[in-house]
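The values are calculated or read from the model by the stated rules, or taken from the named source; none is laboratory data. This is a predicted model, so every value here is computed, not measured. Here the Cβ is made from the backbone with ideal geometry for all residues, glycine too, and neighbour counts use every protein chain on show.
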Amino acid sequence: MANISDTTTKIYNSMYHDMLNRYKAYKKNHSDNFKVFTKKNLQGDYVYRSQFEDMIKRFDEWTKLRGYEPAYVTVKRSTTNRTSTSTNNGWILTGTYKADYQDTGYTCGPSSVQMVFSALGKTVYESYIAKIAGTNTSGTTHGGLAAAVRKIDPSIRITEYSYKNIVFNGLAQKLKGNCEFIVHIRTGKLGKDAYGNKVWSNDYGHYIFLVGVNPTKGLFKVFDPTKGLKDFTASQIKSATSAVINQNSFICHCK
């Protein structure tokens with residue numbers, strides 16, 4: 001028996017569900033950081049409860065985003081296999097990321113950057129990003145966000161693109177190449193999502209995190225720090241980014 005809590009050991013789907021069932025049963029009467037074994041009757045290797053709960057969170061995030069369960073989940077978040085995935089329905093998606101809702105009415109930029117870092121395997125909090133980016137009640141500038149990213153991780157390369165210079169093939173290739181995007185939009189152009197559901201009723205500058213693109217269907221999947229996971233059409237995103245005056249709206253971060 002060995003403690004594998006600090007490893008990137010792959011726990012395949014059937015074993016994960018077996019561990020999950022035993023975890024749920026055991027935690028009813030235990031509040032400590034107990035061991036969750038890979039096999040029944042306290043056999044096999046083990047993961048501490050705190051790390052197993054992180055596995056649950058990542059497993060559920062994957063399933064919610066893609067609509068199906070992953071083949072496996074690593075015990076510890078892997079930073080070497082976070083590259084994008086292509087689905088059988090045309091989506092090209094970023095690797096595993098941790099969704100975040102902004103803490104205030106004006107920290108959408110730092111919240112989006114927090115998601116960029118999470119997708120690149122690094123934990124950095126919105127409040128810290130906002131502090132070093134110079135965020136105020138008016139929001140955050142592109143320059144402020146870039147300065148914060150470079151201070152936190154100087155190895156990240158930042159490039160800004162306009163809609164016409166990056167969509168769709170450029171975005172797809174960048175997502176496949178260990179790059180993450182935040183997108184600067186005007187909310188007034190995104191009154192409804194791609195399926196007609198109401199999203200925004202006001203109009204102001206806003207940052208969102210790009211989750212993926214579907215060139216075949218002409219769709220974007222984003223995580224909005226206020227509204228959550230949404231799909232928009234290419235024409236909607238083109239309109240929303242073009243409404244941002246004198247700035248390129250697709251901010252790319254490559255590791």
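Between GLU160, GLU180, which is assigned to a strand (DSSP E or B) and surrounded by 22 or more Cβ atoms within 10 Å (Cβ to Cβ)? Please lay out each step first, then the result.
Details: GLU160 fails: surrounded by 22 or more Cβ atoms within 10 Å (Cβ to Cβ).
Every option except GLU180 fails the conditions.
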Which listed residue, of VAL199, VAL149, VAL167, VAL183, is modelled with pLDDT of 95 or more, within 12 Å of ILE237 (Cβ to Cβ) and not basic (Lys, Arg): VAL183
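Among the candidates VAL222, VAL199, single out the residue that is of a type outside the set (Lys, Arg), without any contact (Cβ under 8 Å) to a residue 60 or more places away in the chain and closer than 23 Å to LEU120 by Cβ.
Numbers: VAL199 fails: closer than 23 Å to LEU120 by Cβ.
Exactly one of VAL222, VAL199 is of a type outside the set (Lys, Arg), without any contact (Cβ under 8 Å) to a residue 60 or more places away in the chain and closer than 23 Å to LEU120 by Cβ, namely VAL222.
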Among (1) in contact with a Gly (Cβ under 9 Å, 6 or more places away or on another chain); (2) closer than 21 Å to VAL116 by Cβ - the single one LYS227 does not satisfy: (1)
THR187 buried (at least 21 other Cβ atoms within 10 Å of the Cβ) and more than 17 Å from the chain's Cα centre (by Cα): yes
Residues of segment 1-21 that turn out to be more than 16 Å from THR74 (Cβ to Cβ) and surrounded by 15 or more Cβ atoms within 10 Å (Cβ to Cβ), as a count: 1
Count - residues of segment 93-121 that are crowded, with 22+ Cβ neighbours inside 10 Å, small (Gly, Ala, Ser) and in contact with a strand residue (DSSP E or B) (Cβ under 6 Å, 6 or more places away or on another chain): 3
Residues that are out of contact with any strand residue (DSSP E or B) (no Cβ under 6 Å at 6 or more places or on another chain), aromatic (Phe, Trp, Tyr) and either part of a loop (DSSP other than H, G, I, E, B) or modelled with pLDDT of 90 or more (or both), drawn from segment 49-92: TYR68
